[in-house]
Amino acid sequence: METIGSQVILYIIAAVMVIFSVMAVTTKHLLRSATYLLFVLFGTAALYFQLEYEFLGAVQVAVYAGGIVVLFVFSILLTQGLGQNKEKIKVRKLLLALSAAIIGAIVCGYSLLTHIFPNSKYDMGGEITMERVGEDLLGSGQYQYVLPFELISVLLLACIIGGIMIARKR
Amino acid sequence: MDNNLTTMYIYLAISGIMFFAGVYGFIARRNMLAILISLELMLNAVDINFAVFNRYMHPTVLEGYFFTLFAIAIAAAETAIAIAIIINIYRNIKNIKSDSLDKMKN
């Protein structure tokens, strides 16, 4: 199964993602926050590559790192300016947020550790060919996804029109 | 516990920490763009979970894979609309702090 090398790479990706996702929500500068988000999204793409889901990793890089982060940076520069984009966090809100996150993490961790998973079938899977992805995405049989695919295309069209309508100057 | 499951726990731990970092940011921060960034973190953590459970528990089918694919597309659409709304709000009240936004219509 997995070699030592891929285990080491997984630990490195894990460390990068944990550190940057915590920094993305704690840093005061919004532009830095967006940059850390970019690192986290690249780390997620690396995780997909680790899982041998290459197409998913490519989509993650193209859509998130290429599209969404650029949108974030644009809108931060449009609304904040470079200088005065610091914000203070109230103590009450800080405590509320910390307790919500920690209690949620404890509940999740408890249920994860007490749940007994069946044996992993990792070795039964392998690399997914592009033919398989294409046939499943555009087939109309069972476990095939042409209907959501078409719905997504309509959704994206509606989203383009809506974005223009909302953000245009009146 | 076999070796594959241990690796799966590492993936789940990463996505869990990401998700609750997102929860923290979503509640604590006041800038709407920061809230949106936290939301992206949460969505991303859920996507990782779908892919990991698909790969480690049911690798012969691709349900989680396609769910992640569609979730990424919907997240992109949602972010674009949210940023359009935020820019519109900025035009109206000249800042994007969530607690200074108390009117739907002026």
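The values are calculated or read from the model by the stated rules, or taken from the named source; none is laboratory data. Remember, predicted model here, so these are calculated numbers, not experimental data. Counting neighbours? That spans all protein chains shown, and the Cβs are built from the backbone with ideal geometry, glycine included.
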Practice prompt. Say whether the condition of being free of Cβ contacts under 8 Å to residues at least 40 places away in the same chain, part of a loop (DSSP other than H, G, I, E, B) and β-branched (V, I, T) is met by at least one residue in the stretch A:54-67.
Written response: no
Fill in: Unmet criterion (only one of (1) touching a helix residue (DSSP H, G or I) at 6+ places or on another chain (Cβ under 6 Å); (2) of a type in the set (S, T, N, Q); (3) under 18 Å from A:L71 (Cα atoms)) for A:S21
(3)
Worksheet item: Of the numbered conditions (1) surrounded by 22 or more Cβ atoms within 10 Å (Cβ to Cβ); (2) in contact (Cβ under 8 Å) with a residue 40 or more places away in the chain; (3) not charged (D, E, K, R), B:T68 satisfies every one except a single condition; which is it?
Response: (2)
Worksheet item: of a type in the set (D, E, K, R), modelled with pLDDT under 90 and either under 22 Å from B:I72 (Cα atoms) or in contact with a strand residue (DSSP E or B) (Cβ under 6 Å, 6 or more places away or on another chain) (or both), is that true of A:E87?
Response: yes
Fill in: Scope the stretch A:15-42; condition within 19 Å of A:T79 (Cα to Cα) and either more than 9 Å from chain B (Cβ to nearest Cβ) or not in a helix (DSSP H, G or I) (or both); matching residues
A:T27, A:K28, A:H29, A:L31, A:R32, A:T35
